[in-house]
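Take a look at the structure below.
What follows is calculated from the coordinates using simple rules that are stated; it is not laboratory data. Quick caveat, the model's predicted, so the values are computed rather than measured.
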Amino acid sequence: MKTHVENVRQAKIITILAVMVAACLMSVNAMAMAVPAAGSFAYDLYDIGVNNILLGPIGFIAGVACMVFAAILAIRQMILPAAGVVLGGAFLLKANTVVQTIGGMIS
């Protein structure tokens, strides 16, 4: 026979699990921002920030510098930080693909 404390504990666990399942099943509306068209709102900011800086020579040099820094970290046996720097450098070098595929999520 279960005691009152065990019944209350089991009821709390079941309630918490039910709330977690309900939270996982709820959906949130989200939409990805598309690349702005020329002449639209904030296109100039997008053009300077993404096209001229991120996809331009500054982004390329930053991506190459990240790869060189990751090689130095790997030589010093700092593998985990080197892996993070390689991922960041790869995102900088392939920024045009990342910007087009991911976009910004607004919920």
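Residue by residue, the range 52-67 carries 3J(HN,Hα) couplings of 7, 9, 5, 8, x, x, 5, x, 5, 5, 5, x, 5, 4, 5, 5 Hz when phi is fed to the Karplus relation 6.51 cos²θ - 1.76 cosθ + 1.60 (θ = phi - 60°); x denotes Gly or Pro. Extension gain, residue 23-residue 10: 0.36 nm per intervening residue step, less the Cα-Cα distance, totals 2.7 nm. Of the two radii for the range 31-95, the radius of gyration is 1.17 times the Kirkwood radius, both from the alpha carbons; that is the Rg over Rh value.
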